[in-house]
1. On the basis of being under 28 Å from the mean Cα position of the chain (by Cα) and of a type in the set (D, E), does E395 make the cut?
2. Filter region 509-536 for residues that are outside any helix (DSSP H, G or I), among the basic types (K, R) and at pLDDT 80 or above and give the result.
3. Quick one: what pairs do we get from region 15-32, first residue more than 16 Å from M222 (Cα to Cα), second of a type in the set (S, T, N, Q) and in a loop (DSSP other than H, G, I, E, B), C-beta under 6 Å, 6+ apart or different chains?
4. Name the residue that is nearest to Q154 (Cα to Cα), counting only residues in region 102-135 that are in contact (Cβ under 8 Å) with a residue 12 or more places away in the chain and not in a helix (DSSP H, G or I).
5. Within the group K332, K322, K340, K374, which residue is open to solvent by 40 Å² or more (accessible area, probe 1.4 Å), within 30 Å of V490 (Cβ to Cβ) and in contact with an Asp or Glu (Cβ under 8 Å, 6 or more places away or on another chain)?
6. With respect to the numbered conditions (1) crowded, with 20+ Cβ neighbours inside 10 Å; (2) β-branched (V, I, T); (3) without any contact (Cβ under 8 Å) to a residue 60 or more places away in the chain; (4) touching a Pro at 6+ places or on another chain (Cβ under 9 Å), which one is the sole condition not fulfilled by I505?
7. State yes or no: is K7 of a type in the set (K, R), within 30 Å of L139 (Cα to Cα) and either open to solvent by 30 Å² or more (accessible area, probe 1.4 Å) or in a loop (DSSP other than H, G, I, E, B) (or both)?
8. Please go through region 230-275 and pick out each residue that is assigned to a loop (DSSP other than H, G, I, E, B) and free of Cβ contacts under 8 Å to residues at least 40 places away in the same chain.
Amino acid sequence: MSFFSIKNLNLHIREKKLLNDISFDLDKGEVLGIAGESGSGKSLTALSILNLLPNFSRKTGFIYFDNKCISDFTDKEMCKIRGKDISMIFQEPMTALNPLISINEQVAEPLLIHSNHSKKEALEIATYYLEKVELPRNLLNDNVYPHELSGGQQQRVLIAKSLVLKPRIIIADEPTTSLDVTTQKGILDLLKNLVNQDGISLLLITHDLAVLAQCAHSVAIMKSGEILEIGNLEKIFKTKKHPYTKKLLNSVNYSPTKKNTSSKNILLSVKSVSTSYYNSQSLFFTKQNKSNILNDISFEIYEGEIFGVVGESGSGKSTLVKTILGLQDLEKGEILIKNKKIKANKFDDLSIRSMMQVVFQDPYGSFNPRHRIKRLISEPLFLLNTIQTRKEIDEKVNYALEEVGLSPNDSNKFIHEFSGGQRQRIAIARALIIKPKLLILDEAVSSLDVSIKAQILDLLVELANRYNLTYLFVSHDLSVVQNIANRVIVMKSGEIVEQGKAKQILTEPKKDYTKSLVEAIPIISRRLLNGGQIAK
């Protein structure tokens, strides 16, 4: 029998069957990847292993660990295994970390629960593991809290917490989703080193097959609670026996067919823009420690153009979006749209505001869950100076829904009734209902499954071709920007490092920083797809 094994695992929640005869083995020092889209049952499989299932759950089958059947263990018995022998790294680090407790104390917590270490000893061990996951030394003191860290640093804290008890198995549930490419590469390299050096077995759950190609030995493809095929990663990628596997692989680095509709007319002009903020430890908010966010940013966007903005977390991309939208004060410079000046937090002229709309990364978080879709989509109509009748609003909402591939019948539903891809379509419908001149897409596809991402990219390109739309496409996913954008700027520490045609900049970069971003893009090599050896 293998070191870890699942045999015929089935899961019901109430009367609905969500997992169907799941079976796989995991050997010591092996990386097994579980791939599939949202709703395929990947996370439920992981939660079933640790018996962290929701109420009204009923599972059958067998889970073996170290020659013991743990599938029927009580919660008290499982507590002795969780963290100590089998650890889990959750997808959203900020929801998995306690915002009121310092990171040192949180990493030390498993030691205080499962071992006889004193608090001082536990904190020393915690600091050692925080160093091991390469967290910067200035963040190792006792007064650093999760909100002071970037997304990649928060994920490293979770990895350190999963390591302190030296577990034999780590379950990593989407550990690199929404991270920029260099941070993602750092996390994957760290996990690979742990497997190689410490002999830890890794169960890596992801919807991105390019991520699995970097480190997995075997892969299981899941859909609708079933494993469609499982085996050696190289063999699965070569044969692509199941149509669903082929669909997932074809969606990696997907490139939609687009026309070059850009003109010579300038739509948006950003001239020497700089912004900053002040840190203060004073009770009365005395301005201290000035920190620059954007430093002398200048570029122009032409009508009908898809303009990309790329860079790591903290490079200033989101601040740039806020500044263009008039939500961030300018220290110097100016921003013009159609030769009209955008003033921070002042929209006396609604015609300026109506020229811009934005689609955010998290569509669910950008909607009021208490309102029906009809009201959510019609919200931008208040920016128009014309009075709309109820019939006119209904017609505009229905037309907007049809434009993004949804039904007018969906207008009476609530946002929780839709999948992630459908929610993003609704966000696009809301942005387009007043026919803006500029549509800002802030990481709009970064957290979507590969096939749904391909659908949304197709939709965006189709709408751009049909209505000659102009996009400001902000993303840390360089492969997406390379395939969809006409021109691109590369940002680092609030400055533009390099700019030019997207294909040229992201295939033959001149600056070292851009080269490091391009080299970090996870890809599935042609050699691997053709059955060649995986580079170690």
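The values are calculated or read from the model by the stated rules, or taken from the named source; none is laboratory data. Quick caveat: nothing in here was measured; it's all calculated off a predicted structure. Heads up, the Cβs are rebuilt from the backbone with ideal geometry, glycines too, and the neighbour counts pull from every protein chain shown. These accessible areas exclude ligands, DNA and RNA; they are computed on the full protein's heavy atoms, side chains included. Shrake-Rupley method; radii C 1.70, N 1.55, O 1.52, S 1.80 Å.
1. No; evaluated as a whole, the condition is false for this residue.
2. Those that are outside any helix (DSSP H, G or I), among the basic types (K, R) and at pLDDT 80 or above: K510, K511.
3. That search, which allows pairs on different chains as well, returns D27/S2.
4. My answer is L135.
5. When all the criteria are applied, what remains is K340.
6. Only one criterion in (1) crowded, with 20+ Cβ neighbours inside 10 Å; (2) β-branched (V, I, T); (3) without any contact (Cβ under 8 Å) to a residue 60 or more places away in the chain; (4) touching a Pro at 6+ places or on another chain (Cβ under 9 Å) is unmet by I505, namely (4).
7. When the stated conditions are applied, K7 does not pass them.
8. K240, K241, H242, K264, N265
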